[in-house]
Amino acid sequence: MTASEETTGFGTCKWFNVLRGYGFITPDDGGDDIFVHQSSLFMDGFRSLDTGERVRFDIRIRNKGKEAVKVTSAEPDGKLRGSSIKPFGKSKSHYIRCYKCGLFGNHIAAKCKTGQGFDKLCYKCHKTDHLIADCPQRSYAKNRVEDQKVKQSGQPCEEETQTIKLDSDEKRDLHDNMTDSSKCNATNITNDSNC
C-alpha cells in the first residue's frame, strides 16, 4: 500500500485519551495498532471513542505509521457512541454525574430525561422530601440546623433549645462564625465557652 492509497478496515478501540483527542484502534485482521485522531471521527458534538467500541475506518499511511481516517461505527446505524468522559473547562476531565438519576454519563440533572417528575432532591440520599442540609444521613445535620438558628437570631430558639457539647476546635469555629452581637449570647454552648 502506498502513501496515497486508502483501504477499509474494521476494529475495536483499544484506548482513547479525551483530553488529547487521540487513541489507538486494534484492527480485526491483526497487525499493529492504528492511530486515530478526533478530527477523523464522524459524529456530532464532542468527538471521542469509547474503549471497546467497534469501528469501521479507512487506513492512510503517514510518516509515523498507519492512521485511521473517516471513522464511523461498525454497527448498521453508523453512529459512534463516544466516551462517557468529557473534558470540563479548565478542570479538564472527570465524570459528569446526574443527580436525578444517579448515573455517570453525558448529561446533568437539568437535562435529565428520566422523567421522574421532581425538581429538587437530596444529593446525599436522593429523596424528595428534604434537601441535603436536612438529610438524616448526615451525622451533624441536626446540630447544624440548631447552630444556624442561633446565628440568625442571636438567641437560641426557645421551643427547640438543645445543649450541644463541643470540643475546643468546634467552639472556636462556631465563635468565629457568629456576629459580634450574638457572641456570648449563645447559651446552648456548654463546656466553659470563653468569649
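Since every read-out is calculated from the coordinates, none of them should be taken as a lab result. Note that the structure is a prediction, hence the values are computed from the model and not measured.
For the stretch 45-88, the square roots a ≥ b ≥ c of the C-alpha gyration tensor eigenvalues yield an a/c of 1.5 or more together with a/b not exceeding b/c, which makes the shape oblate.
Close amide-amide hydrogen proximity is noted between Lys66 and Phe35, each under 5 Å apart and 5 or more residues distant or on a separate chain (H modeled in the peptide plane; Pro and chain starts excluded).
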